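The values are calculated or read from the model by the stated rules, or taken from the named source; none is laboratory data. No experiment lies behind these values; they were computed from the predicted model shown. No Cβ is skipped: glycine too gets one built from the backbone with ideal geometry, and neighbour counts run over all protein chains shown. Side chains are part of the model used for accessible areas, which takes the heavy atoms of the whole protein and leaves out ligands, DNA and RNA. Shrake-Rupley method; radii C 1.70, N 1.55, O 1.52, S 1.80 Å.
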Amino acid sequence: QVQLVESGGGLVQPGGSLRLSCAASITMFSIYNMGWYRQAPGKQRDLVATITSTGRTNYADSVKGRFTISRDNGKNTVYLQMNSLKPEDTAVYYCNAKKLAMDYWGKGTLVTISS
């Protein structure tokens, strides 16, 4: 059974930082393309950042220069370092693992940016 478990969310003031982690119980984690998505209240789920099995990264324009996605294949974990956080970054952040027809999601972690 594949499980993706996000952690690291919380309440942070504007301008602050958080690091999200996603621990994956998944065979051959290294071959999966991993991603972070977010869903703000009343809005659709949007892509934040992805990292391929070869380490190529992609970011939403709204987070470029502020967020960094990385992965540790030895720990079956993907990270999202979030800096210079803004109130509009408030959302539930979801981890995603994808390979061909396989597409898995975590349950999400809430990030709230507020003073």
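Working only within the stretch 64-78, note down all residues that are of a type in the set (V, I, T) and open to solvent by 30 Å² or more (accessible area, probe 1.4 Å).
Within the stretch 64-78, the first condition is being of a type in the set (V, I, T), and the residues that meet it are 68-69, 77-78.
Of everything in the stretch 64-78, just one residue is of a type in the set (V, I, T) and open to solvent by 30 Å² or more (accessible area, probe 1.4 Å), namely T68.
In the stretch 43-63, how many are among the basic types (K, R) and surrounded by 13 or more Cβ atoms within 10 Å (Cβ to Cβ)? Quick ask: steps written out before the conclusion?
Keep residues of the stretch 43-63 that are among the basic types (K, R), which gives 43, 45, 56.
With surrounded by 13 or more Cβ atoms within 10 Å (Cβ to Cβ) added as a condition, the list becomes 45.
The total comes to 1.
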Pairs, please: C-beta under 6 Å, at least 6 apart or cross-chain, first residue farther than 17 Å from R38 by Cα and in the stretch 62-82, second polar (S, T, N, Q) and surrounded by fewer than 15 Cβ atoms within 10 Å (Cβ to Cβ)?
N73/S30
Of all residues in the stretch 52-67 being out of contact with any strand residue (DSSP E or B) (no Cβ under 7 Å at 6 or more places or on another chain) and of a type in the set (S, T, N, Q), which is nearest to I31 (Cα to Cα)?
T54
Per-region count, the stretch 1-32, residues surrounded by 19 or more Cβ atoms within 10 Å (Cβ to Cβ) and within 21 Å of A101 (Cα to Cα):
6
What is the residue count in the stretch 92-105 for residues that are surrounded by fewer than 15 Cβ atoms within 10 Å (Cβ to Cβ) and either within 13 Å of the chain's Cα centre (by Cα) or not in a strand (DSSP E or B) (or both)?
2
Here are some conditions: (1) free of Cβ contacts under 8 Å to residues at least 40 places away in the same chain; (2) assigned to a strand (DSSP E or B); (3) of a type in the set (A, V, I, L, M, F, W, C); (4) closer than 19 Å to S114 by Cβ. L11 meets all but one. Which one does it not meet?
(1)
Within the stretch 79-91, does at least one residue satisfy the condition of being closer than 19 Å to A24 by Cβ, of a type in the set (A, V, I, L, M) and either at pLDDT below 95 or open to solvent by 30 Å² or more (accessible area, probe 1.4 Å) (or both)?
no
